[in-house]
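I have placed the structure first, in the form of structure tokens, so that the comments after it can refer back to it.
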Amino acid sequence: MTADLERLARDAGRDLEDASPQEVLRWTEQHFGDRWVVASSMQDAVLIDLAVQVRSDVRVLFLDTGYHFAETLGVRDAVAVRYPGLRLVNAVPERTVAEQDEAEGPRLYERDPDRCCHLRKVVPLRRYLDGFGAWVTGLRRVDAPSRAGTPVVTWDERHRLVKVNPIAGWSDGRFEEYVAAHDVLVNLLIGEGYPSIGCAPCTAPVTQGADLRSGRWQGRSKTECGLHP
Ligand code: SF4
């Protein structure tokens, strides 16, 4: 079974390389029915807007770490209003921020951000994905050098399911074109110099022309939260 899925993902990664995001999502629906989920950071709703065209009651997973900007939670809430048919899942960590402070000491994100991301993002994601056949992300190759090789469809060994990245090949121009044409919800912080938005304590604005993700975990070698190894 797993070998079949791995083969399916490998073949689709090759065959769908030039397909539109809608075609990639239709392929996902065709193979996984109700067993796929869209993961969204609520930086924008582009992927959600594309996914509801294929399945109006698509599941959308938001990892609510307890550290998000109010603007990000605002996008999450606006998404629920704009797309009333979708099933929004607000996945929370096992411990609240206060409980984590009590157990691990305050500001774990400063002392050990890898552990903080593990507890508040990686574990909740793993727990939620259990039982699904595929998850869909908004990763794009232009996001960062570390994402330059992102395939449209691949096998996710860590979660043991298929990972679908329908807009992996989109340029910034194509992305902005879609936002304007479809009046897509975007996080207000983008207009304030935050091109990549994560948790508030670990996200800073960046200067024009800088690496888009350079505002994340500033001053550290960490560049990813561990969801996309
Ligand atoms: Fe913790 Fe920062 Fe990771 Fe959010 S991004 S889970 S605050 S270390």
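The values are calculated or read from the model by the stated rules, or taken from the named source; none is laboratory data. Computed from a predicted structure; not experimentally measured. Cβ: placed from backbone, ideal geometry, glycine included. Neighbour counts: every protein chain shown. With ligands, DNA and RNA removed, areas are computed over all heavy atoms of the protein, side chains included. Shrake-Rupley method; radii C 1.70, N 1.55, O 1.52, S 1.80 Å.
Charge dipole (Cα centre; +1 on Lys/Arg Cβ, -1 on Asp/Glu Cβ; no other charges) of segment 2-202 amounts to roughly 420 debye. Over the chain, with every protein chain in place, what whole percent of the accessible area is carbon and sulfur at 1.4 Å, could you tell me? After summing per-atom areas, the C and S share lands at 50 percent.
Restricting to segment 2-202, what percent of DSSP beta bridges are antiparallel, rounded to 5? Antiparallel bridges make up about 25 percent of those DSSP assigns within segment 2-202.
Residues whose amide H lies under 5 Å from that of residue 161, counting only those 5 or more places away or on a different chain, are 156; hydrogens are built 1.01 Å from N in the peptide plane.
Packing, taken as the mean count of other beta carbons within 10 Å per residue, orders the peptides 191-201, 177-187 from highest to lowest as 191-201, 177-187. With θ taken as phi - 60° and the Karplus curve 6.51 cos²θ - 1.76 cosθ + 1.60 applied, the whole-hertz 3J(HN,Hα) list for segment 186-203 is 10, 5, 4, 5, 4, x, 10, x, 10, x, 9, 10, x, 5, 4, x, 10, 10 Hz, x standing for glycine and proline.
The residues of segment 2-202 expose on average 46 square angstrom of accessible surface per residue, using a 1.4 Å probe on protein heavy atoms.
What's the magnitude of the charge dipole for segment 93-208 around its Cα centre, counting Lys and Arg as +1 and Asp and Glu as -1 at the beta-carbon? Answer in Debye, nearest 20.
Rounded to the nearest 20 debye, it is 420 debye.
Near residue 61, the amide H atoms lying under 5 Å from its own belong to 38, 39, 40, 89; only residues 5 or more places off or on other chains count, and H is placed 1.01 Å from N. Backbone amide hydrogens, once placed in the peptide plane, bring residue 69 within less than 5 Å of 200, excluding anything fewer than 5 places away on its chain. Seen from every direction in turn and averaged, the convex hull around the alpha carbons of the chain projects onto 12.2 nm². Look at the dipole of the chain built from charges on Cβ: of 189, 159, 228, the Cα furthest out on the positive end belongs to 159.
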